[in-house]
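Structure record follows, encoded as structure tokens.
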Amino acid sequence: MTVDDRFIRDFRDSEEPPAGTRNEIVTGPVSDWATDFSHHEPEWAADPYPIQDDLRGRCPIAHTGRYGGGWLPTRYEDVAAVAYDTERFSSRSIIMSNYRPPKDIAPVGSVPPISSDPPFHHDARKLLLPAFTKKAVARREEATRAFCHSLIDTLEGLEVVDAARDYAQHIPMRVIADMLGFPPEDGTRFRKFVETALESVNLPPEERLALMEELFGYLYAQIRDHVANPRDDLTTYLVDAELYGRKLEPTHVAGTIALLLIAGIDTTWSAIGASLWHLAKTPADRERLVAEPELLPTAMEEFLRAYAPVTMARLVKEDMHWRGVDMRADDWILLSFPAANRDPAQFDRADEVIIDREVNRHVAFGLGIHRCVGSHLARMELRVALEVWLERIPVFGLADPSAVTWAPGQVRGPRTLPLRIG
């Protein structure tokens, strides 16, 4: 089979909906976070930390009947235990929604390697490592810095800017587009794809399926273009890559690119935005970082701890009694790295943001075999974005605190962030 043969068929030709389990969509106010939690409700998006702190004290492993049933551990030790336990928890779907893919999709999953279980996971992850080493990431810093400066240039003369929409979101969009060899002008489409994957889980199945088809239709078009016109980028690398002596399956190539596009954009966009939000509302920290720029790498790790954007999901493999609760096969379990990062049993003054915190073994990039493969890239983008902003715009504050909005779901960060300049 030639390379071209793999991508000829349009995956949308099938008239059968994807196999798996769909359950009733339940929305609306939460009655009790211990028994009815939902990470897509507005109060969670606005400020999940008091909710997590309350649960950690009275019901450390919360339950919900929504999404077909799921669990939410809030203690560091419980989150870590699940993250390291691949025998009892599967990664075949990492977005908690009203759809569970069939069990036979494991061990590959739909977006490898993050959706992959052992032993496949190790080999799929290994394919990506060369693109995300410190050395490879360092080669992208100069272009990233220049792009950040160009974004600031466009804000010249404005009194109020939206730091989320006008700055933070564009940086990872450009970096990921360059890595994948996608048109940089498609950034607005990337934003829609992010929202499709992470924020639309409570849409009716046919609507969500149509949105996912739009995403993968775009990806397959880009892949076919790379097959016809190979170049030196990550997409061509995946098209040409081999595993177990064979070229990758089309679904593997497209799924991995979907992962890089969505996770690579939203997580970093959210981290940059949350950091700027903190500095805007905390003048003392902002002034200190402007005066002591050498402190930024330490402060950045504290922002990642305190405002960790990412929560991952797992599926319970078999019925079991686990740490005091009875879990059923195919129950969801949410790994809230933000909750783990604010556990006072693990971090001193866990609810405070201490920008010179010396000991900070946070888990913003996850734990276990699925720890973020792009952590070096995310750190570079966050550092450069903050360096350039503080250099060019050293004085800023919240224009209207009530106008700040946050993304719901499993990746949380500011979606609108109006800042007053000067």
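General remarks:
- Here, the range 249-383 yields an orientationally averaged convex hull projection of 10.2 nm² when only Cα atoms define the hull.
- Relative contact order of the range 267-422, defined on C-alpha pairs under 8 angstrom at six or more residues apart (%): 31
- Cα point-scatterer Debye curve for the range 128-227, base-10 log of I(q)/I(0) at q = 0.11 Å⁻¹: -0.46
- P(r), alpha carbons of the range 28-149 - 5 Å bins starting at zero, rounded %: 2, 9, 13, 15, 14, 13, 13, 11, 7, 2, 0
- Kyte-Doolittle mean at least 0.5 and Cα axial length at least 24 Å: DSSP H helices in the chain: 250-281
- Ranked packing of 172-180, 153-161, most packed first, by mean Cβ within 10 Å: 172-180, 153-161
- Share of carbon and sulfur in the accessible heavy-atom surface of the range 155-213 [1.4 Å probe, %]: 52
- Fraction of the pair-distance distribution of the chain above 35 Å, Cα-Cα pairs, percent: 27
- Accessible area of the range 57-114 belonging to carbon and sulfur atoms, whole % at 1.4 Å probe: 56
- When each of the peptides 337-346, 256-265 is scored by how many other beta carbons lie within 10 Å of its residues on average, the order from highest to lowest is 256-265, 337-346.
- Computed over the chain: relative contact order in percent, which uses C-alpha pairs under 8 Å that are six or more apart: 25
- Restricting attention to the chain, close to 95% of DSSP beta bridges with both partner residues there are antiparallel.
- With protein chains left intact and a 1.4 Å probe, residues in the chain average 42 Å² of accessible area per residue.
- Straight-line cross-link reach from residue 126 at under 18 Å between alpha-carbon atoms covers these lysines, not counting any fewer than eight positions away in the same chain: 134, 135, 247.
- Most to least packed among 268-278, 82-92, 373-383 [average Cβ atoms within 10 Å]: 268-278, 373-383, 82-92
The values are calculated or read from the model by the stated rules, or taken from the named source; none is laboratory data. The model shown is predicted, which means the values in this text are computed figures rather than measured ones. Neighbour counts run over all protein chains shown; Cβ positions are idealised from the backbone, glycine included. Side chains are part of the model used for accessible areas, which takes the heavy atoms of the whole protein and leaves out ligands, DNA and RNA. Shrake-Rupley method; radii C 1.70, N 1.55, O 1.52, S 1.80 Å.
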